[in-house]
Amino acid sequence: MRASSPEGQSGQPRGAGVPPSQRDPRAERDGVRGIPDASIARLPRYLRALHGLAASGARTVSSDELAAASNVNSAKLRRDLSYLGSYGTRGVGYPVELLVDQIERELGLTHDWPVVIVGVGNLGRALANYGGFATRGLRIACLVDADQRRVGEIVGGLPIRHVDGLEWLVVKHRVAIGVVATPPAAAQDVCDRLVAAGVRSILNFASAVVVVPDGVELRSVDLSTELQILAFHEQRRQPASSGRAIVPEQADGAQTVMPA
C-alpha cells in the first residue's frame, strides 16, 4: 500500500514526536507518558478500522489510509499513535497486526474484565446476548434484575439473579465494570451499591443523571437524548413548509397530505 506521508521510525520511545507542551508532566515524572482523553476516545475507532483491514488481508497501512478508514484527520491520527510509540516506517506504513496488538494492550483488551449488567429489560437482554464483548476483553459475568419474575431466566447463557444479591455477586465474580440498564429512578441507588461493593467503572444507560465519587469512572449513554439530537438535525434538513407534511408516495404515485 502507498504511504503518502511519513510515519516515523520504529523503536522510538513512548510519546516520541509529541510536543512537550502536549505531554502530561505528571506522567513523564512517573516514567509513563500520559495519553489525552480525546486520543483514548479515538483508539477504539482506529482499532475497528484495523480489524477491517486485517480481515481484508492488509499487512501494512499508511497513516492517510488509516485516517480515512477511521474518518479522522491524518495528522491527528499520527499524534494519537505517537502516544503509543511509533511503529510506522517511512514509505511502508504501520504493520496492521502489531498496531492492533498495541492498541488492544493500551485499552486493556488483552485482560479479562468481568461485567455485571443490572437491569435485564429489553436493553439489558440485548447487551447480554451481544457476542462481540468477548473479543474485546469483556466478559458478562452476571445478570441482575429487581423483578422477581425474571429471576432464574437464562439470557445469553447466564441466569438472572435478584438485585438483593448484587454486592455478593460483585465480590464472587470479581466484577470490574458495572452496566446500569435500569429504570431512571433506580439508577442512582444501583450506582451507589456498585461503588460500595468496589466497582470503579460504570456504564450508565438509564435516562438519569447519576453522581459517583472521585476515583470512579462513569460513562453515560442516554439513547433517548441521542435520538432527540438526531431529530433536531433531521428537522434542520427539512425544507420550510406551509404547515403541511407530505407522506411518501403511494403505490399509484399519489401523495397523501397530512396536517402538520
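Worth pointing out:
- Cα convex hull of segment 41-110, projected area averaged across orientations, nm²: 4.2 nm²
- Listed from fewest to most Cβ neighbours within 10 Å, the set PHE133, PHE205, PHE232 follows the order PHE232, PHE133, PHE205.
- Beta bridges per DSSP with both ends in segment 78-223, % antiparallel, nearest 5: 10 percent
- Farthest positive-ward along segment 113-224 dipole, Cα basis, beta-carbon charges - from CYS191, TYR130, LEU143: TYR130
- For segment 113-224, the Cα-based Rg and Dmax, in that order, read 12.6, 36 Å.
- Rounded to 0.05, the FRET efficiency of the THR110 and ASP222 pair, given R0 = 30 Å and the Cβ-Cβ distance, is 0.50.
- Least to most buried among GLU106, GLU234 (fewest other Cβ within 10 Å first): GLU234, GLU106
- Footprinting exposure proxy for LYS76, LYS172 (fewest neighbouring C-beta atoms within 10 Å first): LYS172, LYS76
- Placing a label point 7 Å from the Cα of ALA197 along the Cα-to-Cβ line, the residues of segment 146-178 whose backbone N sits under 11 Å from it are 161-178.
- Extended-chain gain in nm, criterion 0.36 nm per residue less alpha-carbon gap, ARG48 and ALA75: 7.8 nm
- Dipole magnitude for segment 85-233: about 260 debye, using +1 per Lys or Arg Cβ and -1 per Asp or Glu Cβ, origin at the Cα centre.
FYI, it's all coordinate maths here, none of it is from the lab. In this text, all values refer to a predicted model and were calculated from it rather than measured experimentally. Using ideal geometry, Cβ is built from the backbone for each residue, glycine included, and neighbour counts are taken over all protein chains shown.
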